[in-house]
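Have a look at the structure below, then the notes.
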Amino acid sequence: MGRMSSAPPMRFMREKIETQYKPALEMLRADLIPHGRLIAGGLELAIAHYEETFRAMDERHKKLGWYSFCLTPELFLAMDILPFLGESHPVTVTRVSPELCWEYVDTAEAAGLPSELCALDKFIYGAMLKNEMPKADFIVTGSAPCDSSRIGYQMFEQLADCPVFRLDAPVEDSREAHLYYAGEIRKLIGFLEEQTGTLLDPDRLREVCEESNRATDAFLDLFELRRARPCPQAGAVTAGAYMAMVTQLGTPELTGYLEFLRDDAAQAVAEGRGAVAEERHRVFWYCVPVTFDLGLHEWLEENFRVVVLMDQLGSFCREDPIDTTSLDTMLVDLARRGLETTMSRLRVTADKMKEQFLRDYKDLRADCVVFPAPAGCKHAWAWLSLLKETCREREIPICSFDLDWMDSRIRSVDSIRSAIEEFFTTVME
Amino acid sequence: MAEVVDFKLLAGSIENPYLEEWKASGRPVVGFFCAHAPEELLWAAGILPVRLRGTGSQDTSYGDQYLGSFNCSFVRHTLSRVMKGELSFLDGLLVTNSCDHIRRLFDVFTAKEVVPFNHYLDVPHLNSEESFARLTAELRGLQTKLESFFGVTISREALSDAIELYNRTRALLGRASALRGEDPPRASGSEALALSIASTSMPKDRFNRLAEQGLAELERRDPASRSAGPRLLVLGGTLDQPGYLELIESMGASVVADQLCWGSKSFADLANQEIDPIDAIARRILEHMPCPRMLDQYPRRLTNLLEAVKQYRVDGIICERLKFCDLWGGEIEMLRRSLKQESGIPVLVLERDYATAGGAGQLRTRVQAFLETLSRKGAPQRTIEHQGGLR
């Protein structure tokens with residue numbers, strides 16, 4: 001079934017890049033926005049990525065591959081395919097234009113989608129109906145992390161005019177699971193070779209993986225530096241770095257940006273300089289960000305002297321490097337990374353999630369947890385009670401509330417801030 | 001003298017005399033949740049597999065301690081019953097990753113140690129040779145764990161016998177299904193669903209004997225005594241309440257086919273008795289009438305549906321789903337799009353909560369309006385005639 005419109009895809013986003021993102025970048029570069037100097041690099045990467053996406057659609061100079069939270073982009077880059085992470089687009093758009101999210105969600109629901117699906121999938125479906133998702137040459141998706149995405153990508157396929165490749169993601173987090181998933185990736189290579197008409201060059205993949213490892217090294221250094229008290233960089237900086245990570249691992253531009261952040265953080269730590277004046281509380285932000293509240297971090301910093309150390313999205317990047325010894329070792333480690341990407345990690349059992357949660361909480365030297373539980377996430381709602389029990393047993397203060405992480409009509413910015421304020425003025429006082 | 005059994009009564013509760021008798025003999029019972037569970041493997045271990053559900057639950061308060069309001073009511077009611085200790089016959093639980101709601105039950109069962117035996121079976125979401133190999137490894141792992149935990153040996157012969165027994169059940173349920181698909185139907189849709197549900201919480205050998213008798217009664221019915229009415233196909237996820245179909249049929253329609261996970265999806269397609277038993281179980285799990293959880297099977301699901309519409313001369317389709325079921329929510333939207341393009345058959349979508357007594361009035365109104373639409377399109381109308389036969 002074809003798309004609903006014959007107009008050039010993503011027309012509105014093209015306009016937004018010029019009228020909103022580029023002016024915002026100038027303001028960030030000029031440090032007119034808090035932490036702007038540090039955030040600017042992330043936005044710059046995002047803009048360049050969108051422009052490259054538009055070019056791939058218009059000029060067809062390379063294949064455009066839409067992938068989901070089941071892979072990292074190294075393999076695409078090695079085969080000269082432009083990778084586009086489908087789930088990153090709704091987040092990027094909603095950060096700047098929450099009303100666009102409403103429009104796409106409304107479009108999807110009017111078309112018959114149930115309101116309780118994840119907003120991410122409703123956004124994508126609505127945006128496809130509005131011709132505001134990329135016109136990809138193919139889509140690659142996996143069976144993790146959730147029902148919403150599993151059925152979501154089947155629905156997207158019905159609207160898309162392109163082949164779809166699917167990977168079966170095992171629940172286990174083990175060597176056997178990684179080997180199995182590596183086999184799935186090996187089949188994906190065959191599909192990509194068919195789509196591009198060229199064979200994968202293992203040496204080129206090695207180069208990309210080595211670049212990816214450099215970025216990961218910088219990120220791990222950054223993680224270590226964020227453990228310092230006071231924390232050297234604001235939560236907004238980490239959130240931006242994360243978005244760049246998931247979409248551009250393996251590019252020198254990403255590595256450069258993360259190394260810049262690392263060097264800045266190292267200097268701040270050496271000087272005893274914190275992102276928040278007189279840092280009082282250190283939050284491990286578990287689960288999703290509030291995408292439509294760009295000023296949330298600043299509000300937390302100013303009102304409660306709270307720094308958000310890391311969110312669950314970002315903590316996936318605590319991964320061992322890719323072993324570039326051979327094609328086999330690279331595929332196994334790409335499999336491991338694919339399975340451990342942000343949302344895919346939700347596929348594991350609660351015991352495993354608890355283990356990762358406690359590890360990150362301790363390592364970050366956090367003193368409380370904020371858990372925004374998104375309405376569409378059945379995993380989060382089934383896991384929250386057990387997490388709260390874990391926190392109670394260990395006397396970890398936790399603030400949880402419901403919201404739709406992308407649709408501010410479900411719970412407004414004021415209401416969310418009010419829940420957080422109550423936590424910091426009572427429990428944490 | 002033949003034992004007289006009320007299958008609708010049996011379907012109304014998990015607990016039943018056959019289960020009690022099994023327990024009284026000291027044999028173990030393991031609960032499971034989904035048509036993707038390898039029941040034959042449990043049976044071959046001398047375990048009675050019982051498909052769990054929340055029937056009989058009055059509220060979700062216990063389940064709500066661990067699951068959120070965005071988790072589906074089937075799972076919250078079922079968890080409530082387990083947590084209240086109402087399903088005390090359980091010696092173990094086998095959880096499959098059928099959907100996110102069900103799979104997260106494993107976490108609660110593990111954390112709360114509700115039963116001595118608890119196993120999570122990772123069923124692949126694709127049907128491929130690689131996923132088949134992975135599933136057979138998973139099944140062999142489960143076999144080893146069952147043998148060790150319950151102190152039994154699961155022989156190849158026992159597995160083959162279990163497959164034969166379960167295939168017999170599937171064939172019997174297929175027979176009932178065919179009777180309601182006749183024109184005019186000799187069985188009602190609610191009768192066929194009741195039979196299928198009743199089979200899930202009693203030993204299959206006992207069930208098969210009783211079902212043979214019940215089917216013989218049905219087959220003696222005079223089909224000519226039932227006048228024709230709109231012929232419906234009902235599809236969707238968890239529907240373990242034959243009364244739901246009974247209400248639809250009480251308004252003059254006949255449910256002549258279903259694609260429900262407690263109905264045809266649970267018994268369609270037999271396991272291959274000519275190959276290695278574990279392979280046969282794995283193949284059937286991956287290949288039987290597919291559920292929306294299978295990523296690569298939408299074309300087959302649509303084809304199955306279109307074939308059923310043709311085979312059973314269906315006038316209209318009712319899609320039912322539980323609130324918060326993402327898989328069926330998306331699937332129904334996809335089917336609605338495809339059907340609009342490919343057949344134009346009228347579709348009614350019904351959303352419901354599990355185990356709520358209310359809503360019958362609304363259901364009646366919506367179905368009535370749908371039936372009127374069908375009659376305007378030329379579907380026949382009929383009056384209801386109550387007959388003897390399968391209860």
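The values are calculated or read from the model by the stated rules, or taken from the named source; none is laboratory data. From a predicted model like this one, the values you see are computed outputs, not experimental measurements. Please note: Cβ atoms are built from the backbone with ideal geometry, for glycine as well, and neighbour counts cover all protein chains shown. The area values use the complete protein model at the heavy-atom level, side chains included, leaving out ligands, DNA and RNA. Shrake-Rupley method; radii C 1.70, N 1.55, O 1.52, S 1.80 Å.
Could you work out the mean count of beta carbons from other protein chains within 10 Å of each residue's beta carbon in A:373-379?
The shielding value for this peptide is 5.
List the residues of the stretch A:193-210 whose backbone N lies under 20 Å from a point placed 7 Å from the Cα of A:Arg60 along the Cα-to-Cβ direction.
Taking a point 7 Å out along Cα→Cβ of A:Arg60, the residues of the stretch A:193-210 whose backbone N falls under 20 Å are A:193-199.
Can you tell which of B:Ile197, B:Ile318, B:Ile275 shows the greatest fluctuation in a Gaussian network model of chain B with Cα springs below 10 Å?
Ranking B:Ile197, B:Ile318, B:Ile275 by mean-square fluctuation puts B:Ile275 first.
Quick one: which bits of the stretch B:42-80 get at least 30 Å² less accessible when the partner protein chains are in, versus the chain alone, with a 1.4 Å probe?
So the qualifying set is B:Tyr66, B:Phe70, B:Asn71.
Ignore the peptide's own chain and count Cβ atoms of other chains within 10 Å of each Cβ in A:338-349; give me the average, rounded.
The per-residue average across the peptide is 1.
In debye, nearest 20, what is the charge dipole magnitude of the protein assembly as shown about its Cα centre with +1 on Lys and Arg Cβ and -1 on Asp and Glu Cβ, if you could check?
So the magnitude is around 2160 debye.
Check which residues have an amide H placed less than 5 Å from A:Ser400's amide H, if you skip close sequence neighbours.
A:Phe371
Residues of the stretch A:151-173 that become at least 40 Å² less accessible with every protein chain present than in their own chain isolated, using 1.4 Å: which are they?
In the stretch A:151-173, residues shielded by partner chains: A:Ile151, A:Gln154, A:Gln158, A:Arg166, A:Asp168, A:Val171.
Taking the alpha-carbon centroid of each part, what is the distance from the stretch A:185-235 to the stretch A:25-46 in angstrom?
The two parts, judged by their Cα centres, are 23 Å apart.
Counting only Cα atoms, I'd like the Rg/Rh figure for the protein assembly as shown, Kirkwood definition for Rh.
Reported Rg/Rh, Kirkwood definition of Rh: 0.99.
When chain B is treated as a GNM, springs tying every alpha-carbon pair under 10 Å, which of B:Gly56, B:Gly263, B:Gly31 comes out with the largest mean-square fluctuation?
B:Gly56
Charges on Cβ only, +1 for Lys and Arg, -1 for Asp and Glu, centred on the Cα centroid of the stretch A:11-194; of A:Met128, A:Leu179, A:Tyr21, which one is farthest towards the dipole's positive end?
Of the listed residues, the answer is A:Tyr21.
Please say if the stretch A:29-116 is rounded, prolate or oblate, where rounded means a/c under 1.5 for a ≥ b ≥ c the square roots of the C-alpha gyration tensor eigenvalues, and otherwise the choice is prolate for a/b larger than b/c and oblate otherwise?
Oblate shape, in that a/c is at least 1.5 and b/c is the bigger or equal ratio.
How large is the accessible surface per residue of chain A, computed with a 1.4 Å probe and reported in Å² as a whole number?
I get 35 Å² per residue for chain A.
Under a Cβ-only charge scheme (Lys and Arg +1, Asp and Glu -1), can you give me the dipole magnitude of chain B about the Cα centre, in debye to the nearest 20?
940 debye
Between A:Arg229 and B:Ser128, what's the calculated FRET efficiency when r is the beta-carbon distance and R0 is 51 Å? Round to 0.05.
0.50
Under a plain spin-label model, where a point goes 7 Å from the Cα along Cα-to-Cβ, how far apart in nm are B:Met251 and A:Glu210?
Roughly 6.9 nm, to one decimal.
How many nm separate the modelled label positions at B:Arg366 and B:Glu3, each set 7 Å beyond the Cα in the direction of the Cβ?
Computed distance between label sites B:Arg366 and B:Glu3 equals 3.9 nm.
Measure nothing but the geometry: give the 0 to 90° angle between the long axis through the Cα atoms of A:175-196 and the longest principal axis through the Cα atoms of chain A, rounded to 10°.
Result, in degrees: 50.
How large is the charge dipole for the stretch A:15-148, taken about the Cα centre, if only the Cβ atoms of Lys, Arg (+1) and Asp, Glu (-1) carry charge, to the nearest 20 debye?
For the stretch A:15-148, the charge dipole is close to 260 debye.
Whenever you get a sec, compute what percent of the accessible area on chain A sits on carbon and sulfur atoms (1.4 Å probe).
Taking all protein chains in place, chain A shows 49 percent carbon and sulfur surface.
Can you spot the lysines whose alpha carbon is less than 29 Å from B:Lys84's alpha carbon? Ignore those fewer than 8 places along the same chain.
Cα-Cα hits under 29 Å: A:Lys352, A:Lys354, A:Lys378, A:Lys388, B:Lys8, B:Lys23, B:Lys112, B:Lys145, B:Lys204, B:Lys323.
Please give the total accessible area that chains A and B bury against each other, computed with a 1.4 Å probe and expressed in Å² to the nearest 100.
3900 Å²
With unit charges on the beta carbon (Lys/Arg positive, Asp/Glu negative), name the residue among A:Thr425, A:Pro90, B:Ser88 whose Cα is farthest towards the positive pole of the charge dipole of the protein assembly as shown.
Value computed over the given set: B:Ser88.
For chain B, give the percent of accessible area contributed by carbon and sulfur heavy atoms, probe 1.4 Å, rounded to a whole number.
Here carbon and sulfur together make up 50 percent of the probe-accessible area.
Compare the peptides A:49-57, B:249-257 by average per-residue count of other Cβ atoms within 10 angstrom and give them in order, highest first.
Ranking, from highest mean packing down: B:249-257, A:49-57.
Going by amide H atoms built from the backbone, whose H comes under 5 Å of the H on A:Val164, apart from near neighbours?
Those qualifying (amide H under 5 Å, at least 5 residues apart or on another chain) are A:Ile139.
If I model a spin label at A:Asp203 and A:Ser418 as a point 7 Å from the Cα along the Cα→Cβ vector, what separation in nanometres do I get?
Computed distance between label sites A:Asp203 and A:Ser418 equals 6.4 nm.
Sort out for me the Cα centre separation of the stretch A:106-157 from the stretch A:296-357, rounded to whole Å.
24 Å
Decide, for the stretch A:123-210, between rounded, prolate and oblate: order the square roots of the alpha carbon gyration tensor eigenvalues as a ≥ b ≥ c, take rounded if a/c falls under 1.5, and otherwise choose prolate if a/b is larger than b/c, else oblate.
Verdict is oblate for the stretch A:123-210.
Quick check: Cα centre of the stretch B:131-160 to Cα centre of the stretch B:87-109, how many Å?
19 Å
Roughly how tilted is helix A:350-363, in degrees to the nearest 10 and between 0 and 90, from the longest Cα axis of chain A?
60 degrees
Considering only A:Glu103, A:Glu132, A:Glu301, give the residue with the highest GNM mean-square fluctuation for chain A, with springs between Cα atoms whenever their separation is below 10 Å.
Highest fluctuation among the options: A:Glu103.
How large is ³J(HN,Hα), in whole Hz, for each residue of the stretch B:120-137 in order, when computed from phi with the Karplus curve 6.51 cos²θ - 1.76 cosθ + 1.60 and θ = phi - 60°, using x for Gly and Pro?
Residue by residue, the stretch B:120-137 yields 10, 9, 8, 8, x, 9, 10, 9, 9, 5, 5, 5, 4, 4, 5, 5, 4, 5 Hz.
Order of A:93-101, B:76-84 by packing, highest average Cβ count within 10 Å first?
B:76-84, A:93-101
For B:Ser13 and B:Ser375, FRET efficiency with R0 = 51 Å and r from the beta-carbon atoms, rounded to 0.05?
E between B:Ser375 and B:Ser13, to the nearest 0.05, is 0.90.
Enter the angle in degrees (range 0 to 90, nearest 10) between the Cα long axis of helix A:413-422 and the first principal axis of the Cα atoms of chain A, meaning the one along which they spread out most.
With both axes taken from Cα atoms, the answer is about 40 degrees.
Can you classify the stretch B:3-162 as rounded, prolate or oblate using the Cα gyration tensor, where a ≥ b ≥ c are the square roots of its eigenvalues, rounded means a/c under 1.5, and otherwise it's prolate if a/b beats b/c and oblate if not?
Since a/c reaches 1.5 but b/c is at least a/b, the shape of the stretch B:3-162 is classed as oblate.
Quick one: if the Förster radius is 22 Å, what FRET efficiency do B:Lys340 and A:Glu103 give, using the C-beta to C-beta distance and rounding to 0.05?
Once the sixth-power term is evaluated, E becomes 0.40.
Taking beta carbons within 10 Å but only from partner chains, what does the mean come to for residues A:110-121?
Mean partner shielding for this stretch: 4.
Please give the peptides A:174-187, B:230-243 ranked by average Cβ packing (other Cβ atoms within 10 Å per residue), highest first, as a rough proxy for protection.
Answer by packing, highest mean first, reads B:230-243, A:174-187.
Enumerate by residue number the trypsin sites (Lys or Arg not before Pro) in the stretch A:57-86 meeting two conditions: DSSP loop (anything except H, G, I, E, B), and at most 12 other Cβ atoms within 10 Å of the site's Cβ.
A:Arg60
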